[in-house]
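Okay, structure first, notes after.
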Amino acid sequence: MTTALAHPNIALVKYWGKQSKAGNMPATPNLSITLSELSAVTTISDSDHFQFHLNGKQVDDPKVSALMSTMTDTFNLPPLHIDSTNNFPTSAGLASSAAGFAALVTGIDAHCNLGMDAALRSEWARRGSASAARSICGGFVALVPPDWQAQSLAPIDHWSLEVVVAITSHGAKGVSSTEGMERSRLTSPFYNQWLRSAGDDYAEASGAIATRDFAKLAEVAELSCLKMHSLMLTSSPTLSYWTPASIACMDRIRALRAQGEAVFFTVDAGPQIKAVCLPESRVAVAQALSEVPGVLEILCCPLGEGARIIDD
Ligand code: PMV
């Protein structure tokens, strides 16, 4: 029996849209931070048939089944029992699939002695969910061409950013990221412009991280997030992941920044708001967001390490 743990990651330069060729590769370079506190813990054990349990219930997850079938064929794996538990809401825009696939591949690699390095684990995690490629690494992480295996941009101690998550709904999302991004690729009039501008956003954000330029990172990360949500809103049928409280939180974060707090927001395919801040602003940000009507819960996460084995 082998147990692996991985954290979600939050993209500061978003990916929304895939390449058409095989391998589940993003269409644009993207960049993230890995969070601590939130985690997927996945235990792999031998079994007489394949079984997948998520949060204590047996489920038939087509993405997990597809990845397991390819890995089984490629590495001649025995039947495995997989038991995965998240300590945070699943499928609600908190990157549960990123943490889940990173923990799954890390656990299978160790349990079956496949001898993968981090780059190869990242590639296999990416086949499950492209953002999962990034949860293999800790700290500041890039997912870029040509090989689309995540690489570390900087370790955790490079810059002590923190993330305050405002939960505005505990419900699972209606339209999956995969379906949503394909809809945007096919129907949003802004999709080609998105493809053209992503390289510049990536270069600006990685430069801001290298020089610890918070104001520059705030500007480019909020813009990348809002461009992605513009693609969603202008898809047909439209995709809208926000609640009224999500919008109120974004307004509150802009007001906090105008008052001098070092904070910016980012939002994925779900209603939760992630406020990225410097440690000295965390208490004020958490307090302010907890007072926004419709905010159900606040979670505070410093940066976290990459996927790892915790019990073998
Ligand atoms: O990893 P996927 O294919 O489920 O897509 C995730 C996409 C976003 O979370 C919305 C953005 C990102 O880059 O993580």
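Numbers below:
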item: Those residues of region 24-34 which are more than 9 Å from the ligand (Cβ to nearest atom), aliphatic (A, V, I, L, M) and closer than 18 Å to LEU303 by Cα, in sequence order; result: ILE33
item: Residues of region 187-218 classified as touching a residue at least 12 places away in the same chain (Cβ under 8 Å) and part of a helix (DSSP H, G or I), total; result: 19
item: Subset of region 129-157 [touching a strand residue (DSSP E or B) at 6+ places or on another chain (Cβ under 7 Å), outside any strand (DSSP E or B) and either aliphatic (A, V, I, L, M) or in the same structural domain as PRO279 (by TED's automatic domain parsing) (or both)]; result: ALA130, ALA133, ALA150, ILE156
item: Residue match in region 131-139 (condition: surrounded by 15 or more Cβ atoms within 10 Å (Cβ to Cβ), more than 19 Å from ASN24 (Cα to Cα) and touching a residue at least 24 places away in the same chain (Cβ under 8 Å)); result: yes
item: Selection within region 68-89 - surrounded by 17 or more Cβ atoms within 10 Å (Cβ to Cβ) and touching a Ser or Thr at 6+ places or on another chain (Cβ under 9 Å); result: LEU80, ILE82, ASP83, SER84, ASN86, PHE88, PRO89
item: Search result, residues across region 93-138 that are within 16 Å of the ligand (Cβ to nearest atom) and on the phi > 0 side of the Ramachandran plot; result: GLY93, ALA95
item: Matching entry among ALA172, ALA119 (being over 19 Å from THR74 (Cα atoms) and surrounded by fewer than 24 Cβ atoms within 10 Å (Cβ to Cβ)); result: ALA172
item: Leading residue by the ranking (farthest from the ligand (Cβ to nearest atom)) among those in region 1-23 that are outside any strand (DSSP E or B) and within 15 Å of the chain's Cα centre (by Cα); result: HIS7
item: Matching residues in region 100-123 - criterion: being touching a Phe, Trp or Tyr at 6+ places or on another chain (Cβ under 8 Å) and more than 22 Å from SER47 (Cα to Cα); result: MET116, GLU123
item: All positions within region 225-248 that are under 20 Å from the mean Cα position of the chain (by Cα), within 11 Å of PRO271 (Cα to Cα) and outside any loop (DSSP other than H, G, I, E, B); result: SER246
item: Hits in region 19-65 (condition: farther than 13 Å from LEU104 by Cα and of a type in the set (A, V, I, L, M)); result: ALA22, MET25, ALA27, LEU31, ILE33, LEU35, LEU38, VAL59
item: Residues located in region 264-289, provided they are of a type outside the set (D, E, K, R) and free of Cβ contacts under 8 Å to residues at least 24 places away in the same chain; result: VAL283, GLN287
item: Any chance SER184 is assigned by TED's automatic domain parsing to the domain that holds GLU297 and within 12 Å of the ligand (Cβ to nearest atom); result: yes
item: Breaking point among (1) surrounded by fewer than 24 Cβ atoms within 10 Å (Cβ to Cβ); (2) within 16 Å of HIS170 (Cβ to Cβ); (3) modelled with pLDDT under 95, for SER240; result: (2)
item: Single match in GLU222, GLU280 (criterion: in a helix (DSSP H, G or I), surrounded by fewer than 16 Cβ atoms within 10 Å (Cβ to Cβ), acidic (Asp, Glu) and not assigned by TED's automatic domain parsing to the domain that holds ILE33); result: GLU280
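The values are calculated or read from the model by the stated rules, or taken from the named source; none is laboratory data. Remember, it's a predicted structure, so these values are computed and weren't measured experimentally. Virtual Cβ from ideal backbone geometry, glycine too; neighbours counted across all protein chains shown.
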